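Structure, as structure tokens:
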Amino acid sequence: MSALNLHPDRLFPADETTRAIARRLYQEVKGLPIVSPHGHTDPSWFADNQPFGNPADLLIKPDHYVFRMLYSLGVSLPSLGVPSKSGIAVEQDPKKIWRLFADHYWAFRGTPSRMWLDYVFKEVFELDQVLSGDTADAYYERINSYLQKPEFLPRSLMENFNIEYLATTESPLDDLRHHKKIRESGWGGGVITAYRPDPVVDPDFEGFAANVAKLGDITGEDTSKWAGYLAALMNRREYFKSFGATSTDHGHPTATTADLSHAECEALFAKALAGQCSAAEAELFRGQMLTEMAGMSIEDGLVMQIHPGSFRNHNPNVFRDFGRDKGADIPSQTEYVNALKPLLDKYGNDTRLSIIVFTLDETVYSRELAPLAGHYPVLKLGPSWWFHDSPEGMRRFREQITETAGFYNTVGFNDDTRAFLSIPARHDVARRMDCNFLARLVAEHRLPEDEAREVAIDLTYKLVKQAYKLD
Amino acid sequence: MSALNLHPDRLFPADETTRAIARRLYQEVKGLPIVSPHGHTDPSWFADNQPFGNPADLLIKPDHYVFRMLYSLGVSLPSLGVPSKSGIAVEQDPKKIWRLFADHYWAFRGTPSRMWLDYVFKEVFELDQVLSGDTADAYYERINSYLQKPEFLPRSLMENFNIEYLATTESPLDDLRHHKKIRESGWGGGVITAYRPDPVVDPDFEGFAANVAKLGDITGEDTSKWAGYLAALMNRREYFKSFGATSTDHGHPTATTADLSHAECEALFAKALAGQCSAAEAELFRGQMLTEMAGMSIEDGLVMQIHPGSFRNHNPNVFRDFGRDKGADIPSQTEYVNALKPLLDKYGNDTRLSIIVFTLDETVYSRELAPLAGHYPVLKLGPSWWFHDSPEGMRRFREQITETAGFYNTVGFNDDTRAFLSIPARHDVARRMDCNFLARLVAEHRLPEDEAREVAIDLTYKLVKQAYKLD
Amino acid sequence: MSALNLHPDRLFPADETTRAIARRLYQEVKGLPIVSPHGHTDPSWFADNQPFGNPADLLIKPDHYVFRMLYSLGVSLPSLGVPSKSGIAVEQDPKKIWRLFADHYWAFRGTPSRMWLDYVFKEVFELDQVLSGDTADAYYERINSYLQKPEFLPRSLMENFNIEYLATTESPLDDLRHHKKIRESGWGGGVITAYRPDPVVDPDFEGFAANVAKLGDITGEDTSKWAGYLAALMNRREYFKSFGATSTDHGHPTATTADLSHAECEALFAKALAGQCSAAEAELFRGQMLTEMAGMSIEDGLVMQIHPGSFRNHNPNVFRDFGRDKGADIPSQTEYVNALKPLLDKYGNDTRLSIIVFTLDETVYSRELAPLAGHYPVLKLGPSWWFHDSPEGMRRFREQITETAGFYNTVGFNDDTRAFLSIPARHDVARRMDCNFLARLVAEHRLPEDEAREVAIDLTYKLVKQAYKLD
């Protein structure tokens, strides 16, 4: 059994000169409120404010970062209690699941999951030995008992975590009942929604036509026609805005955009509703919808986020037996220079529009995204995402982006997580890595320290609120 | 107001051991003459030797690095005085433009522009506060008054900058009158030309057919025929050589080369002149012309430079209103292994030929360019270019190139700039970053310091003169 | 003449804190036996145990790392004694060849070849001046005389190098006579074979149809039919296993896999035998054979290695005059996410199967390979390969792989070399670079030192034996 330590200098460069600068910069930002403008936490937690479940339910079963690693090393998903949609029997005993996880904790060495989990174990659950088979049961008991305390209820955690804003992500078909309940409760916790229209703008989405019909029912628009469909989408944007939404989000396979004529749009939409789109036509339709969304954003001011490039559900057996979001999404090469051009040709110079672009393909940082964002007024760069939400990923992001796009075409950190407890850990990693990068610039006399301090605060807090219009 | 400092150790690693080595290496190279074998300064400056204009004319309006960043953050091009070709009214007051720039100087934090500008402000204009809204007017006055001094005339600056050679870049249609005037003046300043035939070898270039006809007029060759066209191109190469040219330069969208039959060349050339090339045919013609140019280089000894991979004028509105070179050129993915093969199959083993290859796509450094240059005798690698002409870009270049291609398949630094005043700053960054890289090798006992010293001198001076045949 | 030193801290970070950690970690692994599970040494060396030839024969003529660099700088292959298959006269005097090499030793500054060679010169041949024109003759004499000593016979070197396992690579058509002779000699030196079926599974391989016919002769199967062909391949796998093979190896141009119907396989195989495959069909056949090999591996337990992405023999003139493996193989872009899908759809979740994937395209580390290996139980990642078997290449590998795939989806080091003397040098570089990376994690408080120590031992020894089933 080894002691579990969170060293105060963790993630800072070993060189003493640089480390001292990083420490000073970090002092300026470590206490700033967390602004989490994009993520996937469950709004019912904050609406209902009930205790979280047991350690396995809370920390293992829903965390695809965790079970994808164990699965890759031969641990079966049923043994980790991951629910099966095809009726495979899965482990029910949360203590057994927890022990299996603990027995493999070595697998996470060198990964961000290890850092986030250690942070949660130490800071939230006050554990002080490293997790292992030996400490598994003690961990389980400690976490389980803490989860029953009132200060571990979702709203209390949110307050203790010093989270000023927390955006969830919902489909236009969602009635936002949890957000309504939060609002009606009078709790001013800063939970807001974001508009994610994939289910009604992607012809390949399961149940697309039915979804579009349902959109018509909800809004009273005739969504069997292009004009009514657009009106319905706009209508829901307004509804989302009334629950605090300041942004939309688009998770397409590629960054393709299009700018078709009205007649082409109508014809393509009819095909999509009829389920007759080829793969290329579905892609074109999604691309057109990004441009439509940009046009709506100019009208209503919602900030667009584009998250392209994930090959979803790459493993058909895992998808069949366990469904979506089971660690089987794989990035693929993603092109932006030609893909975004139709949208940019139309709206790229309109300063009322703001589009935050993300990537899973790091090769585009210096080649495509920084030059695009370093020219177009509408483009800003989202932080290093998903697989790259990690110390090395963040370092590469800043090293490859900054010289062309600067700091002020970026938007601060997104945790983008469904793992609520990990939010402070993730923001802490981002703050430390930004200070790490800035400290190197200062130590190498590339930026005066007073300016670095200002940048650190901007990246942690000011730019986030500004980019997501949360002021 | 903060003090403006150029720390003597800037860009050196913070680690004291490594920094001390870098300092020693830099001492060996900092005083060496600048050899600038590729760039875009205006030869009329040196021909006429008149004072430069006001600060905005000199440092903002022509520098797309500067106004692209401001534009990306919402500052309009007219407000920066960027001339419009479509008749948009632009700001005429250079002081207002300068103030607007100064108010946004924070935007350049972490960029090479900031380093270059600070160097110019401190070393050339002897300013000692950081530029900001507060110091804008004082800056303007200081720069404006210095520009009237005799030691700020172009030729004096060139001498004071210790520039041994400075290559400009001209089209074969250029009569080189400025170069002639320089020569006739008796001033031995080392200004030479370089041959950039894009306007007469790229069917997509504005006015291609007219350009080719003009080429015929100039040379007395029948450029309506393939044979006469080649003879005319060769003729102009000789003319350029008589004004000191030792190199050609080719700025194609891709690295495509071709090796067509004589009959195919004739047919394709006829199509090109008739304006009937498809996009693929235009690409093929440009590719064929690279191979033709290589053949001519074997005859006349001019070194070839290939600068592929820029998607020019990506923003149609900016192009319409402000024209070329307005910060809207975006790199795109660029392939070399298949693209260069036709040319290499024909000439790749001919040691009389020397081709310097550049890229805007850093992913090819370790995968394609270093292996190619580490095998083919004709290939050498140009330095990190344009968006990658930066400390991190230079570091990635050396880290990803050296282990396969070594140092001796590279050619030293190119500033590639039209910003004359920034030339010493840019070469200083390159020298420091090479010493930085070498110092790490020495500190990690991967290269003895005496050999590193030799390499530093080679990279700064000897390899440049050798690669560009400037001895 | 400069002293030749192998500094005990070479390749460790300069920062004293980190270096001290690296030193401690390295102490734990430097003495561990070498396990070399994949390479290209000649088994006849160990079968016959005769002295190696002269310095040029041993260290220059067979080492494409060495002569590709000299060739790229204008040194001709004949002058280096590289044998010509087209009858070009080549230098016969090994002393002259050695001197030519020595005169250009500066060309290797900053390359891994320099590190490996210096290690061999110092550790094996006890030389203590840096190689140069001045020391060329002394080097020649020293190496030449040492090679005659009994302790420089292949088996003695293998023992002195502390090599526990050394895998060679043979075609299924090979009778493994050298391996038989080794076995019959009673020498227990750990030399084993590996199964590389490219000559009989790649329709583009020289003599494919004849090779398949020969495969039939050897095995007594009717290899003119698909079923007999598969049986023959399986038969040879068993034979290879009887000589210690635990793995297969596949050197295809891409990572394409396929999963065709039985009828399609039969038809495609018939076309391949008839020499009538288009390029796409040859690619498809190779892809199908990877899936077939995976199926066989599930049966017989051989670990699969896939080494895709080399454009072989890129230089036709060098190929014509000097043949394969002459430094003219160039990596090209290589895609895995779609390419591996057919195989993974069929076998990706079968924990009996183990596939080790390599790449020459570093852009896929973080984007494709780490996410794939961090999910699929059958996938593991081979170490940085060929051009990337270098300090910077190893650093990039760990930095870009670890955060998503962890350490335990990797398999330790492969030297992959035909240069027997360089094996200890190469493993030493890998051990140092792993300790370097781990030391940074420890110094930045990202991993406790006791766990880093365990990881270092795992990467050096345990994971290799486990991944290649050498226990």
Phi-derived 3J(HN,Hα) across region B:196-205 with the Karplus relation (6.51, -1.76, 1.60, θ = phi - 60°), rounded Hz, x for Gly and Pro, is 10, x, 3, x, 10, 10, 10, x, 8, 6
If labels are modelled 7 Å from Cα along the Cβ direction, residue A:224 lies from its partners in the other copies at nm distances, smallest first, of 6.5, 6.5
So residue A:183 and residue A:30, fully extended at 0.36 nm per residue minus their Cα-Cα distance, gain in nm 52.2 nm
Whole-Å distance linking the alpha carbon centroid of region C:430-471 with that of region C:182-233 is 37
If B:416, C:175 are placed from fewest to most neighbouring beta carbons inside 10 Å, the sequence is C:175, B:416
Any residue on another chain or 5+ positions along whose placed amide H is under 5 Å from the amide H of residue A:192 is listed here as A:166, A:167, A:168
With the 8 Å Cα cutoff and a minimum separation of six or more residues, chain B has a relative contact order in percent of 20
For residue A:462, the lysines lying under 26 Å Cα to Cα, once residues fewer than eight places off in the same chain are dropped, come out as A:30, A:241, A:380
Inter-copy distances for residue A:418, label 7 Å out on the Cα-Cβ vector, sorted ascending, nm, one decimal, are 5.2, 5.2
Under the 7 Å Cα-to-Cβ spin-label approximation, residue C:160 and residue A:317 lie apart by a distance in nanometres of 5.0
Summed over the other residues with a beta carbon less than 13 angstrom from that of residue A:471, with K and R at +1 and D and E at -1, the charge totals +2
When B:351, C:291, C:402, B:168 are ranked with the fewest other C-beta atoms within 10 Å first, the list becomes B:351, C:291, C:402, B:168
Inter-chain shielding metric for B:326-332, i.e. average beta-carbon neighbours from other chains within 10 angstrom, reads 6
Here region A:265-274 yields Karplus 3J(HN,Hα) values (6.51, -1.76, 1.60; θ = phi - 60°; whole Hz; Gly and Pro given as x) of 4, 4, 5, 5, 5, 4, 4, 4, 5, 7
Going from the fewest other Cβ atoms within 10 Å to the most, one would list A:139, A:376 as A:139, A:376
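Considering only DSSP beta bridges where both residues belong to chain B, give the percentage that are antiparallel (nearest 5).
15
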Filtered hits (aspartates and glutamates, Cα-Cα < 14 Å from residue B:96, offset >= 8 within chain) -> B:57, B:134, B:137, B:141
Note: C:406-412 gets an average of partner chain Cβ contacts (10 Å, Cβ to Cβ) equal to 4
Once the in-chain neighbours fewer than 8 apart are removed, the aspartates and glutamates whose Cα is under 14 Å from residue C:326 read C:63
Counting sequence-distant residues (5 or more places) and residues on other chains, those with an amide H built under 5 Å from that of residue C:34 are C:163, C:164
Counting only DSSP loop positions in region C:83-142, the GluC sites (Glu not before Pro) whose Cβ has at most 10 other Cβ atoms within 10 Å are C:126
Sorted by chain and number, the residues with a modelled amide H under 5 Å from that of residue B:336, at a separation of 5 or more or across chains, are none
Rounded to 0.05, the calculated FRET efficiency for the beta carbons of residue C:206 and residue A:88 at R₀ = 45 Å is 0.35
Sorted shortest first, the nm distances from the residue C:351 label point (7 Å along Cα→Cβ) to its counterparts in the other copies are 6.0, 6.0
In whole Hz, the Karplus estimates of ³J(HN,Hα) for region C:447-458 (6.51, -1.76, 1.60; θ = phi - 60°; x where Gly or Pro) are 7, x, 5, 5, 6, 4, 4, 5, 4, 4, 5, 4
Partner shielding of B:129-138, taken as the mean number of other chain Cβ atoms within 10 Å, equals 0
For region C:51-151 the mean separation of alpha carbon contacts under 8 Å (6+ apart) over residue count, i.e. relative contact order in percent, is 31
Everything considered on the Cα gyration tensor (a ≥ b ≥ c; rounded for a/c under 1.5, else prolate if a/b is larger than b/c, else oblate), chain A must be described as oblate
The local net charge around residue A:426, scoring Lys/Arg +1 and Asp/Glu -1 for residues other than residue A:426 whose Cβ lies under 9 Å from its Cβ, equals -4
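Taken together, the values in this text are just the output of simple stated rules run on the coordinates, not laboratory data. It should be emphasised that the depicted structure is a prediction, and the values quoted were computed from it without experimental measurement. Note: ideal-geometry Cβ built from the backbone for every residue, glycine included; neighbour counts use all protein chains shown.
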